[in-house]
1. Please go through (1) among the basic types (Lys, Arg); (2) surrounded by fewer than 15 Cβ atoms within 10 Å (Cβ to Cβ); (3) not in a helix (DSSP H, G or I) for Arg261 and return the number of the only condition it doesn't satisfy.
2. Only one of these is within 13 Å of the ligand (Cβ to nearest atom), of a type outside the set (Lys, Arg) and at pLDDT 95 or above: Gln93, Gln28. Name it.
3. Given the condition assigned to a loop (DSSP other than H, G, I, E, B), among the small types (Gly, Ala, Ser) and within 16 Å of the ligand (Cβ to nearest atom), answer yes or no: does some residue in the stretch 64-77 qualify?
4. Could you run through the stretch 1-13 and say how many residues are open to solvent by 70 Å² or more (accessible area, probe 1.4 Å), within 16 Å of the ligand (Cβ to nearest atom) and either within 18 Å of Thr158 (Cα to Cα) or in a strand (DSSP E or B) (or both)?
5. Run down Lys16, Lys21 and say which single residue is more than 11 Å from the ligand (Cβ to nearest atom), among the basic types (Lys, Arg) and not assigned by TED's automatic domain parsing to the domain that holds Ala215.
6. Name the single residue that is farthest from the ligand (Cβ to nearest atom) among those in the stretch 41-63 being part of a strand (DSSP E or B) and open to solvent by 10 Å² or more (accessible area, probe 1.4 Å).
7. Return only the number of the condition from (1) touching a residue at least 12 places away in the same chain (Cβ under 8 Å); (2) more than 16 Å from the ligand (Cβ to nearest atom); (3) not β-branched (Val, Ile, Thr) that Asn244 does not satisfy.
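The values are calculated or read from the model by the stated rules, or taken from the named source; none is laboratory data. Everything quoted here is computed from the prediction, not taken from an experiment. Using ideal geometry, Cβ is built from the backbone for each residue, glycine included, and neighbour counts are taken over all protein chains shown. What goes into the accessible areas is simple: the full protein's heavy atoms, side chains included, and nothing from ligands, DNA or RNA. Shrake-Rupley method; radii C 1.70, N 1.55, O 1.52, S 1.80 Å.
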Amino acid sequence: MNNIWLTEELHPYYRKGIRVKRVLAEEQTPYQFLQVVETEFFGNALVLDGIIQLTEADNMGYHEMITHVPMLAVGNPRRVLIVGGGDGGSLQQVLRYPSVEEAVVCELDQKVVDYSRQYFPAFGDPFSDPRTRLLVRDAFGYLEENPGSFDVILSDTTDPIGMAERLFSDEFYRLMVRALAPGGAAATQCEQPYFDTALIRQIYASARQLTRHPAYYYAQIPTYPGGGIGFMYVSDRPWEDGLNTPYPPGVNNYLNPQVHRAAFALPEFFRRVMAGE
Ligand code: SPD
């Protein structure tokens, strides 16, 4: 076993590391420093600007939870928009639904798509599915141009640093909700309760102004800071609508009915934060 560690420092007061076998690819794209590494335990990992985005071993918790919670709540989603998501992990889950007629992926960095297609074959090359439309562009303008258009929107982004910061703003949430069709639902990458409390609270407040049933939920992802990450469910429809919807064809590796319900249970300190107590 060699001694190369990928040490991530997303927060100035916290570090974590995974042991790396070798670097498979690295390139400075027009937007970010992209690496694909082979790790000792987690399989291949996609790393952007030094931050782990996904690994083969534990991405299922992220992609199944960001995707299926809103998709199941809507029931028979036909049009889906993924903001970011150029790795294809969420897209793979979206395309499991026979009801989906079109899945638009609005990803700024073509290189994320290209390298992911090469190094994450388990995603099944969802970009070659005829229902997929890849738009290599910024999502803000696209949301503005498409009010009332999508049954489900997923904001599958990097962390709120640099160019991605705007994707966590009130303005982004306003545009995203405006782009939902009536009865639609969105889920967004919404960070870590311990480290990002103020940001999550601000987003929740914004989502409450815009929709009737926003809710925060959480998934365990060992390679993310704190061992997991949360999502904001944003809709006029309660997330519980999804509890009795049959799963789409294919295999779940993280989501089951118990996990679905439990993901919305918040630890007491964080429940108080969200309740404004
Ligand atoms: N701190 C890491 C957060 C990563 C969120 N993006 C994941 C992209 C997977 N499609």
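1. (3)
2. On the way: Gln28 fails: within 13 Å of the ligand (Cβ to nearest atom).
Going through Gln93, Gln28 in turn, the sole match is Gln93.
3. Just the residues of the stretch 64-77 that are assigned to a loop (DSSP other than H, G, I, E, B), to begin with: 75-77.
Remaining after also requiring among the small types (Gly, Ala, Ser): 75.
After this cut, where a residue has to be within 16 Å of the ligand (Cβ to nearest atom) as well, the list is none.
Among the residues of the stretch 64-77, not one is assigned to a loop (DSSP other than H, G, I, E, B), among the small types (Gly, Ala, Ser) and within 16 Å of the ligand (Cβ to nearest atom), which makes the answer no.
4. Here is the first cut: in the stretch 1-13, the ones open to solvent by 70 Å² or more (accessible area, probe 1.4 Å) are 1, 3-5, 7, 9, 12-13.
Then keep just the ones that are within 16 Å of the ligand (Cβ to nearest atom); that gives 7, 9, 12-13.
Restricting the remaining residues to those that are either within 18 Å of Thr158 (Cα to Cα) or in a strand (DSSP E or B) (or both) gives 7, 9, 12.
Selection size over the stretch 1-13: 3.
5. Values: Lys16 fails: more than 11 Å from the ligand (Cβ to nearest atom).
The unique qualifying residue is Lys21.
6. To start, the set of residues in the stretch 41-63 that are part of a strand (DSSP E or B) comprises 44-48, 51-55.
Narrowing the set further to residues that are open to solvent by 10 Å² or more (accessible area, probe 1.4 Å) leaves 44, 48, 51, 53.
Values: Asn44: 13, Leu48: 8, Ile51: 5, Gln53: 4 Å.
So, considering only residues that are part of a strand (DSSP E or B) and open to solvent by 10 Å² or more (accessible area, probe 1.4 Å), the one farthest from the ligand (Cβ to nearest atom) is Asn44.
7. Among (1) touching a residue at least 12 places away in the same chain (Cβ under 8 Å); (2) more than 16 Å from the ligand (Cβ to nearest atom); (3) not β-branched (Val, Ile, Thr), Asn244 violates only (1).
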